[in-house]
1. Report yes if residue 134 is more than 21 Å from residue 93 (Cα to Cα), among the acidic types (Asp, Glu) and more than 13 Å from the chain's Cα centre (by Cα), otherwise no.
2. Tell me whether region 54-70 contains one or more residues that are over 22 Å from residue 96 (Cα atoms), out of contact with any Ser or Thr (no Cβ under 6 Å at 6 or more places or on another chain) and crowded, with 20+ Cβ neighbours inside 10 Å.
3. Of a type in the set (Ser, Thr, Tyr), farther than 23 Å from residue 105 by Cα, within 12 Å of ligand 1 (Cβ to nearest atom) and part of a loop (DSSP other than H, G, I, E, B) - does that describe any residue in region 53-60?
4. Just one of the numbered conditions (1) touching a strand residue (DSSP E or B) at 6+ places or on another chain (Cβ under 6 Å); (2) within 25 Å of residue 181 (Cα to Cα) is not true of residue 61; which one?
5. Go through (1) touching a His at 6+ places or on another chain (Cβ under 8 Å); (2) without any contact (Cβ under 8 Å) to a residue 12 or more places away in the chain; (3) among the small types (Gly, Ala, Ser) and name the single condition residue 67 misses.
6. Please work out if residue 33 is hydrophobic (A, V, I, L, M, F, W, C), within 7 Å of ligand 1 (Cβ to nearest atom) and modelled with pLDDT of 90 or more.
7. If you go through region 31-50 one residue at a time, do you hit one that is within 11 Å of ligand 2 (Cβ to nearest atom), among the basic types (Lys, Arg) and in a helix (DSSP H, G or I)?
Amino acid sequence: HFNKASYLMSAPTLALCPPETGVEVCFAGRSNAGKSSAINTLTNNGKLARTSKTPGRTQMINFFTLGNPDQRLVDLPGYGYAKVPLAMKIEWEKHLSQYLQERKSLAGMVLMMDVRHPLQEFDTTMINWAVSAEMPVHILLTKADKLKKGPAQTMLLNVRKHLKEAKADDLVSVQLFSSLKRTGLPELNVVLNRWFLG
Ligand code: GTP
Ligand code: MG
């Protein structure tokens, strides 16, 4: 049913988000990691979430409904963009942590990390926040088309190993993904359907 997605609204802060009814899944990650592209690939709608070569494209919390307003996908602004002023960064991290820890309708987080450099600064903070809120996380190692099969698989195993060592592997899963080649889509669908159907 993800191809029924349509734009609902954008909110600059948690206070201005739509009511916390139903189920919502957020897409988070560093700026330029491929969050908006992943939403478009999942929904088979290239025009739904705005993508860009310029990091920092998505600046609001963007809500999409899946035909039913009580089922939502949320495209979050990226973090870690070097050109954003520090005060804005701190402000945004505060909003993010509030959204993750307080949003009652949030059933899970899809965390996007470029397969070539996963687990950067703040990625692990996001994982820790989610785990402390007992919220499941599904990591997409994006742009998998940029690596050959062997190196991509090695990155996947490295991230799995890290999660195991951090004792986060019961709440956090990880897979390879490419919006360009549409690889990893069935795996993502299984996870999201589980979250939406509870
Ligand atoms: P912000 O909104 O700025 O945080 O970025 P974002 O995470 O939403 O990234 P976005 O989806 O806009 O993609 C950033 C860039 O990466 C764009 O130029 C995309 O075309 C490119 N990109 C996204 N997914 C893939 C992929 O699977 N493969 C390749 N090769 N490029 C991709
Ligand atoms: Mg975006």
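1. Spelling it out, it is not the case that residue 134 is more than 21 Å from residue 93 (Cα to Cα), among the acidic types (Asp, Glu) and more than 13 Å from the chain's Cα centre (by Cα).
2. Yes: region 54-70 contains one or more residues that are over 22 Å from residue 96 (Cα atoms), out of contact with any Ser or Thr (no Cβ under 6 Å at 6 or more places or on another chain) and crowded, with 20+ Cβ neighbours inside 10 Å.
3. In the first step, residues of region 53-60 are kept if they are of a type in the set (Ser, Thr, Tyr); the result is 54, 58.
Among the residues that remain, those that are also farther than 23 Å from residue 105 by Cα are: 54.
If we keep only those that are within 12 Å of ligand 1 (Cβ to nearest atom) as well, we get 54.
Next, from what is left, pick out any that are part of a loop (DSSP other than H, G, I, E, B): 54.
Yes, some residue in region 53-60 is of a type in the set (Ser, Thr, Tyr), farther than 23 Å from residue 105 by Cα, within 12 Å of ligand 1 (Cβ to nearest atom) and part of a loop (DSSP other than H, G, I, E, B).
4. Residue 61 satisfies all of (1) touching a strand residue (DSSP E or B) at 6+ places or on another chain (Cβ under 6 Å); (2) within 25 Å of residue 181 (Cα to Cα) except (2).
5. Residue 67 satisfies all of (1) touching a His at 6+ places or on another chain (Cβ under 8 Å); (2) without any contact (Cβ under 8 Å) to a residue 12 or more places away in the chain; (3) among the small types (Gly, Ala, Ser) except (2).
6. Yes, satisfied.
7. For region 31-50, residues within 11 Å of ligand 2 (Cβ to nearest atom), among the basic types (Lys, Arg) and in a helix (DSSP H, G or I): present.
The values are calculated or read from the model by the stated rules, or taken from the named source; none is laboratory data. Owing to the predicted nature of the structure, the values given are computational and were not obtained by experimental measurement. Cβ atoms come from the backbone with ideal geometry, glycine included; neighbour counts cover every protein chain shown.
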